[in-house]
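Worksheet: the structure to be examined is printed underneath.
The values are calculated or read from the model by the stated rules, or taken from the named source; none is laboratory data. Small disclaimer: the values here were computed from a predicted structure and weren't measured. Neighbour counts run over all protein chains shown; Cβ positions are idealised from the backbone, glycine included.
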Amino acid sequence: MTDGSNILKASYHTLGCKLNFSETSAIGMQLASRGIIRALPDETPDIVVVNTCSVTEVADKKGRSLIRRLRTRWPGATLVVTGCYAQLKPQEVADIEGVDIVLGNDEKLRIVDFIEQWESERRSQIAVHHYLDIRDFRGACERGDRTRYWLKVQDGCDYFCTYCTIPFARGRSRSGRIADLVAEAEKAAEAGGKEIVLTGVNVGCFGKDTGEDFLELLKRLDAVEGIERYRISSIEPNLLTEEIVRWIAAESRAFMPSFHIPLQSGSDEVLRLMNRRYRTDLFTDRIALIRSLIPDAFIGVDIIAGARGETEEEWERSFRYAESLPVSRYHVFPYSERPGTKALGISHQVGQEEKHRRVAALTKLSDEKLRAFSRLFIGKVRPVLWEHPDAEEEGMMYGHTDNYLRVRANASASSYNMITPILITGLHDVETLTGRFL
Ligand code: SF4
C-alpha cells in the first residue's frame, strides 16, 4: 500500500485503557507490515487512526473533540476511528465531519482490509459487529515509551455490572493461548524488555473459554528468561484466588508484590445494586491474605463515588470501610451515567455537588493512605527499575520499586532500563519518593 513514489505514513492517537494502547500498537504493526510507517510528530500523515474509549460521557466527548482537531489539522488524511466509542455509537461517530472509516473493536485489527477497500472505492465505511458476535481473540503486545510492555492476555467481559457498558463494547470474555502469550513474552525479552503488565478487560476470567488456567499462565510466563518483572494490570477480587496470592508470595520469581483490585463500593447494598460478584467480607479477606503473606505489597484499589443507590447512609458505610482497609492508595472515579445501562433503573441519584464532595473525601483519604504506605519504606533499600529521565531537571531519573513506589533519584542515563538497589531517603511529593544509589 504505497503510492509508488512515497512511503505512506500513519499517525496513531489512543484514548482510554492500557488494552487500547496495546491494540493501537498491534494496529501499527499491521500497517507497518504493509509498508506504512509511523509518521514523525512534525510530518503530515496519510492515514490517521483514532482508538477511542467510552468508559464515561467525558470519554465520548474527548473522542469527538480529538477527531475534530485531527481532521482540521490534516484535512487530506484518511481518518479511521475505532475503539469502544466507535463500537457503541458507530453512527454518531460516522456523522462527525471528515470521518472516513468507522471500525468496531472486532474489526480494528483487520484495519488493513478496510484501508485497501477505501483506497479502491473512496466510500465511507462503517464496520461494526454486534457485541454478541465478537468472538475472536486478537493478541497485542505494546512497548510503552518506557521499559514496560503491555501484554493483552484476555478481552471482553461476561459480568454485566449494572453501571458498565464494557461488555457491550468488547463482547464476551475470551482469552489468548498460553503458548502464544509466552512467545510474545520471549519476544519482548529478546527486544530488551524488563517488565510486562498483563492486560485485559477482566483478566481473571483468562481461560474460562479455552479451558486453560490463569495460574498456569502466570507460572509459564514466570519462567521466561530476561523478563524481571510482571504485574497484573487489575483483577477482580473474587478471581484473585488464595492459590494465586500464595504462589506469588512464596514461589514466583518475577511477579511483583503489587496488586490492583477494584472494590467500587464499601457498601454491600451498593455492591448488590452494581451486580458485583463479591461483598465486603470477601474483599476484607483478600486484602488480609495479601498483607499477611506479602506485608510490603502495594495494593491499589478502584472505588466509585456517588453511584446510583449510594444514599447518605450507604456512603457513610462505604467511606468507613474504605478508611479501615490497609491498602496503599485508591483510584477514585466519579460515577458516570451511561445510556442503556441497568443502573438507570435504580431510583436514588446523587447530585453533582454531593458527588464531587465524595470524590474529594476519597481522594484525600487516598493521599493519606499513600503517604502512610510510602513512609514505611524511608530508610529501606528496594530495587528500582529506571524508566525515564526527569524532563525538567537534568541528571534525575524516575523509576518504580518492586512494590510499585515511584522513585526519583540522581541517576545517569546509562541506568535506563536497569534494575538497581536504591536507598529510599524521603518523600518528594505525594506520588513520589526520593532515593539514593548505594
Ligand atoms: S467486571 Fe463489571 S465493571 Fe469490569 S468490565 Fe466487566 S462489567 Fe464492566
>> Please determine whether any residue of region 296-307 is out of contact with any Pro (no Cβ under 9 Å at 6 or more places or on another chain), surrounded by 20 or more Cβ atoms within 10 Å (Cβ to Cβ) and assigned by TED's automatic domain parsing to the domain that holds R231.
In response: yes
> If only one of F168, F206 is within 13 Å of the ligand (Cβ to nearest atom), crowded, with 16+ Cβ neighbours inside 10 Å and among the aromatic types (F, W, Y), which one is it?
Replying inline: F168
>> Conditions first: (1) at pLDDT below 95; (2) over 25 Å from H13 (Cα atoms); (3) more than 16 Å from the ligand (Cβ to nearest atom). T147 passes all but one, so which condition is the exception?
In response: (2)
>> I need every pair where a residue in region 151-170 that is farther than 12 Å from V203 by Cα and at pLDDT below 95 has its Cβ under 6 Å from the Cβ of a residue that is in a loop (DSSP other than H, G, I, E, B) and near the ligand (Cβ under 8 Å from one of its atoms), sequence separation at least 6 or different chains.
In response: I166/C157; I166/V201; P167/C157; P167/F160; R170/V201
> Regarding E195, is this residue more than 16 Å from the ligand (Cβ to nearest atom), buried (at least 22 other Cβ atoms within 10 Å of the Cβ), of a type outside the set (S, T, Y) and closer than 16 Å to I227 by Cβ?
Replying inline: yes
> Looking at this structure, is E190 surrounded by fewer than 17 Cβ atoms within 10 Å (Cβ to Cβ), more than 16 Å from the ligand (Cβ to nearest atom) and among the charged types (D, E, K, R)?
Replying inline: yes
>> So if I check each of T311, T284, which one is more than 24 Å from A372 (Cα to Cα), in the same structural domain as G204 (by TED's automatic domain parsing), at pLDDT 95 or above and surrounded by fewer than 19 Cβ atoms within 10 Å (Cβ to Cβ)?
In response: T311
> If you take the residues of region 343-373 that are buried (at least 16 other Cβ atoms within 10 Å of the Cβ) and among the charged types (D, E, K, R), which of them is farthest from Y404 (Cα to Cα)?
Replying inline: K355
>> Criterion first (assigned by TED's automatic domain parsing to the domain that holds D158, out of contact with any Phe, Trp or Tyr (no Cβ under 9 Å at 6 or more places or on another chain) and surrounded by 15 or more Cβ atoms within 10 Å (Cβ to Cβ)) does R279 satisfy it?
In response: yes
